[in-house]
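Quick notes on the structure that follows.
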Amino acid sequence: MLLISDPYILSSRLLEFKKKGRKISFIPTMGNLHKGHLKLIREGKKENFITLLSIFVNPLQFNDINDYKNYPRTLEQDKKLAFKEGIDILFNPNDHFILKKKKSFKLGDISKKLCGSFRKGHFEGVSAVVIEFLNLINPDLILLGEKDFQQTIVIKKIIKNLDFKVKVKMIPTVRDKNDVALSSRNKLLGADSSLAVLIPKTLNQMIREIKNGNFKFSRIDELKSNLIDNGIQKVDYLEILKEKDLNFPDSQFDFCRVFISAKINGIRLIDNMRLNKKVKISNEKFFVERN
Ligand code: AMP
C-alpha cells in the first residue's frame, strides 16, 4: 500500500498507473474507519481497479468548530485496516490541500434543504473538496454511502454539471444489530449511546405507518415529540421527501425517503431510509401506490 500525503506525488503515481491502462476507484472518507467504510472499499475492489482511499477531515464542511476538533481521528488504526483490506493507495493530505484553492460551485436548492439548512456552508465545503479530489485523481469510479444520501446527490450533481467522467456507485447503509447506522460519530455518544436506537426505530415506524395508509403530516410532530420525551436532545429534521429532488411529495406518485437528523448529548446523527413503494399526498394524508 502506498501512503501519500502530497498531491503532486499522488498525481505522478496515478499517471504511472493510468499509462499502464489501470482504472481507479476512489473512496473518499474522513477516516475512523468502520464496517460502513469497509463495505465501500470492498465494492471498490470488485472491479480489479487501483483502489484509492482518502482520509481527510475537511475543515470547510464543518460549521461547528468543536465538531471539527472532536471528530475522531485514528490514522494509525485506519492505516492498518486499509492495508488489511488491500487498499493500493491511502491518500491523507494536510489542510493546505484545500485551504489555498477553494473552488466554488453553485449547488442550487438541493444544498439548502435538510442538512444544508442546519449546517450553513456544509455542502459548499463538501463540494470544494470533492472538486479538488476529482480534478486531482480523475477516477473511473467513486463509491459513496446511502447513509449520506443528500451528500451523494450533491456530488452526483457536481459530476454531471462539471462533466467529470466518473461512475458513481451508491452503497447501502451498514447498520449494527440494533439497526443503528454505523457512523464515526457514534463513539462520541458515551453513556447515551443506547438512545441512538430511537433514530432507526422512528424511521421504521414512519415507513410502517405510511404503508398502512393512515399517516398524516401532523403525525410527524407527534413522532418528534416522542423522540424528545424519550431523551433525544433535539430533532433538527424529520421529513418525508422525494428522493429525486428532495422536494415534498405532491399529488403524483413518487419514490420517497424518510430523513432524520437528531442530536444526542451534543452529537448530531443523521439517517435515512427508502420507502420501497411510490407515495403521494392528498388532503395532508400519505397514500401508497398499490400494484
Ligand atoms: P465519512 O467518513 O463519514 O465522511 O464517510 C465516508 C463515506 O462512507 C461516505 O460516502 C459515507 O456515506 C459512507 N458511509 C458512512 N457511514 C456509512 C455506513 N454506515 N454505511 C455505508 N456507508 C457509509
Step through the residues of the range 261-271 one at a time and calculate ³J(HN,Hα) from phi using the Karplus curve (6.51 cos²θ - 1.76 cosθ + 1.60, θ = phi - 60°), rounding each to whole Hz and writing x for Gly and Pro.
9, 9, 9, 10, 6, x, 9, 8, 10, 10, 7
Give me Rg/Rg_expected for the chain, where Rg uses Cα atoms only and Rg_expected = 2.2 N^0.38 Å with N residues.
1.04
Exposure proxy ranking, count of Cβ atoms within 10 Å, fewest first, for HIS34, HIS122, HIS96
HIS96, HIS34, HIS122
Which residue fluctuates the most in the chain, going by a Gaussian network model with Cα springs under 10 Å, if the choices are LEU107, LEU52, LEU33?
LEU107
Relative contact order of the chain (C-alpha contacts under 8 Å, at least 6 apart) in percent is 16
Counting Lys and Arg as +1 and Asp and Glu as -1, what is the net charge of the other residues whose Cβ lies under 11 Å from the Cβ of SER111?
+4
Highest-MSF residue in the chain out of THR74, THR173, THR152 [GNM, Cα springs under 10 Å]:
THR74
Out of ASP140, ASP148, ASP229, a Gaussian network model of the chain with alpha-carbon springs under 10 Å gives the largest mean-square fluctuation to ASP229
Can you give the net charge of the other residues whose Cβ lies under 13 Å from the Cβ of ARG42, counting K and R as +1 and D and E as -1?
+3
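All of the numbers you see were taken from the coordinates with simple rules; none came from a lab. All values reported here derive from a predicted model rather than from experimental measurement. As a convention, Cβ positions derive from the backbone with ideal geometry for all residues, glycine included, and neighbour counts pool all protein chains shown.
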